Amino acid sequence: HSMVTAKELVNLRSMPSTTNENCVILGTLSNEEVLQRTGINYEMGWSQLDYNGQTVYAVTSYLEVVK
């Protein structure tokens with residue numbers, strides 16, 4: 001699994017959606033922080049991340065892999 005950081009500031013969501021009314025923002029990821037990516041959906045453009053033991057989702061294009 002990759003370690004990823006944010007290009008700018010990324011919302012960490014409870015589900016991979018920006019439109020679902022049940023989706024809540026659980027936190028944000030800045031480019032000074034690093035999270036582990038546990039899954040990726042290339043077609044939909046979402047990454048699944050581990051956020052303090054919680055599964056969250058972020059838009060893949062806003063993330064970059066930490067080298």
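The values are calculated or read from the model by the stated rules, or taken from the named source; none is laboratory data. The structure presented is a predicted model; accordingly, all values stated were derived computationally and were not measured. Cβ coordinates were reconstructed from backbone atoms using ideal geometry, including for glycine residues, and neighbour counts include every protein chain displayed. The protein model used for the area step is the full one, side chains on, heavy atoms only, and it has no ligands, DNA or RNA in it. Shrake-Rupley method; radii C 1.70, N 1.55, O 1.52, S 1.80 Å.
Of note:
- Remark: the CYS23-TYR42 segment gains 4.8 nm on full extension, using 0.36 nm per residue and subtracting the alpha carbon distance.
- Using θ = phi - 60° and Karplus 6.51 cos²θ - 1.76 cosθ + 1.60, couplings along segment 26-31 (whole Hz; Gly, Pro as x): 9, x, 10, 10, 9, 7
- In a DSSP loop and with at most 10 other Cβ atoms within 10 Å, the GluC sites (Glu not before Pro) in segment 7-57 are GLU8, GLU21, GLU32, GLU43.
- For the chain, the Kirkwood estimate of the hydrodynamic radius, built from every pair of different alpha carbons, is 11.6 Å.
- Amide H contacts for SER2 (H built 1.01 Å from N in the peptide plane; partners 5 or more residues away or on another chain; cut-off under 5 Å): ARG37.
- Just checking the listed ones, GLY53, GLY45, GLY27: in the Gaussian network model of the chain with Cα springs under 10 Å, the one fluctuating most is GLY53.
- Average Cα contact separation per residue, the chain, under 8 Å, 6 or more apart, as relative contact order %: 40
- For the chain, the solvent-accessible area works out to 66 Å² per residue, with a probe of 1.4 Å and every protein chain left in place.
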